[in-house]
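Participant: Quick one: the structure is below, and I'll ask about it shortly.
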Amino acid sequence: MRALLKPYPQRDLGIVLLRPPGDMLQHFSGKRLLITDEPADLRAAPDGLVPVEAQPLSRDPRLAPFLSSERVIGLAGGWDALKLWVKRNRGCQCTDFGGQYHHHELVQVRRARGMVSLCWAHDNEYRDKESAKLDAAALANVTEFVTEAIRARSRLPDGHRLTLPELCWWATSKGLAAQLPEEIICEALGVKYRAPGTQMKESDIDPYGKEPREVLANNIKPVLALMIDPDAPKTNMKNPKPDKLVHANYTRWVKKQPCCGCGNQSDDPHHITGNGLGGMGMKASDFHVIPLCRRCHDALHANTSKWEEEFGSQTDLVIKTQNRAIALGVISVTNAK
């Protein structure tokens, strides 16, 4: 829950009063609340509940069957995680009852293909009854939960709007490309979609053409494949000299990621410095790089300690970048001995 409320400080008593609208009282049930300053983008908004900003893809009706499927929900955390998400982000979602009364206690109820939050009064009123509005709210909850879960598991920053290629990448890395609607795959690949039964000219038929799902699977492959060999010859050496990993495909991928500093589109794959990962006068391995925009890159080299104090250590950011690559399937193990 997020809300904008005007404070009324009572300095003589050392307390601050908050006066929420009547329909918001259901959110105050003795739990602790985080109070923060009003963000700049909400200064013109009225007092009251601030709705959670939905991922645009969660509102695409073409994706609803995919996002609400049991397998996708399971990969996003399962029904227990969905229940916790609805509990944290939703008040009573019943609008059919006129909104005149809401009990302060809330329950999370499975309906149709999703889950909805209801107060006790409306749970009793609509239990085992049909409601198109509640079914639609339940479906909207699950699609938004799944898209947010995909964003988080892809190591994308808070507030990032998941794109169609990112969704297709995640689905393919999880073996779910076959479940994506063909129209969605064609849009992600930038090819023309032909609905089933569409008549075609004989000259338009390509006998060697591949299905969109096959093209998607071929286009989304790991850019860095690792082989694990616990019995490598160098294991018998006392002080083996590390080989410098050079991998242009990986640094090219890193360059396309958000900047580790400001969060904008990066320009450079920065090889981390001052951590003993490179030799004398040598850059670190291509595996030890982080995405930086040109401004942050210059600022880091100008004053490394100041930059790390503000944005975090380079080693921690390398680990985050590698974890994101593993989560997306950019790094994969092809052969384990």
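Participant: I'd like the full set of residues that are assigned to a loop (DSSP other than H, G, I, E, B) and either at pLDDT 85 or above or among the aromatic types (F, W, Y) (or both), limited to the stretch 265-285.
Facilitator: S266, D267, I272, listed by residue number.
Participant: Looking at the stretch 239-249, can you tell me whether even one residue there is under 25 Å from the mean Cα position of the chain (by Cα) and either over 30 Å from E308 (Cα atoms) or at pLDDT 80 or above (or both)?
Facilitator: Yes, the stretch 239-249 contains at least one residue that is under 25 Å from the mean Cα position of the chain (by Cα) and either over 30 Å from E308 (Cα atoms) or at pLDDT 80 or above (or both).
Participant: Name every residue in the stretch 141-176 that is surrounded by fewer than 21 Cβ atoms within 10 Å (Cβ to Cβ), in a helix (DSSP H, G or I) and touching an Asp or Glu at 6+ places or on another chain (Cβ under 9 Å), in order of residue number.
Facilitator: Matches in the stretch 141-176: A152, L164.
Participant: Ok, one more. Can you tell me which residues in the stretch 86-136 are of a type in the set (V, I, T) and modelled with pLDDT of 90 or more?
Facilitator: V86, V107, V109, V116 - these are the residues of the stretch 86-136 that are of a type in the set (V, I, T) and modelled with pLDDT of 90 or more.
Participant: Among the residues of the stretch 114-122, is there at least one that is in contact with a Phe, Trp or Tyr (Cβ under 8 Å, 6 or more places away or on another chain) and within 13 Å of G77 (Cβ to Cβ)?
Facilitator: So far as the stretch 114-122 goes, yes, one or more of its residues are in contact with a Phe, Trp or Tyr (Cβ under 8 Å, 6 or more places away or on another chain) and within 13 Å of G77 (Cβ to Cβ).
Participant: Give the residues of the stretch 242-264 that are among the aliphatic types (A, V, I, L, M) and in a loop (DSSP other than H, G, I, E, B), sorted by residue number.
Facilitator: L245, V246
Participant: Report yes if A40 is at pLDDT below 70 and either over 26 Å from A136 (Cα atoms) or surrounded by 11 or more Cβ atoms within 10 Å (Cβ to Cβ) (or both), otherwise no.
Facilitator: Yes: the conditions hold for A40.
Participant: Does the stretch 107-125 contain any residue that is among the hydroxyl-bearing types (S, T, Y), part of a helix (DSSP H, G or I) and buried (at least 19 other Cβ atoms within 10 Å of the Cβ)?
Facilitator: no
Participant: Still on this structure, I have one more. Among the listed residues L84, L67, which satisfies the condition of being under 14 Å from N141 (Cβ atoms), within 18 Å of the chain's Cα centre (by Cα) and either in the same structural domain as T172 (by TED's automatic domain parsing) or buried (at least 19 other Cβ atoms within 10 Å of the Cβ) (or both)?
Facilitator: L67
Participant: Does P233 meet the test of being surrounded by 15 or more Cβ atoms within 10 Å (Cβ to Cβ), farther than 30 Å from E310 by Cβ and at pLDDT below 80?
Facilitator: Answer is no for this residue.
Participant: Another question about this same structure. If we keep just the residues of the stretch 12-34 that are closer than 24 Å to L106 by Cβ and surrounded by fewer than 12 Cβ atoms within 10 Å (Cβ to Cβ), which is modelled with the highest pLDDT?
Facilitator: R19
Participant: Identify the residue in the stretch 224-241 that is in contact (Cβ under 8 Å) with a residue 40 or more places away in the chain and part of a loop (DSSP other than H, G, I, E, B) and, among all such residues, is farthest from K320 (Cα to Cα).
Facilitator: D231
The values are calculated or read from the model by the stated rules, or taken from the named source; none is laboratory data. Fair warning: this is a prediction, and the values are worked out from it, not measured in the lab. Neighbour counts are summed over all protein chains in view; Cβ atoms, including those assigned to glycine, are modelled from backbone coordinates with ideal geometry.
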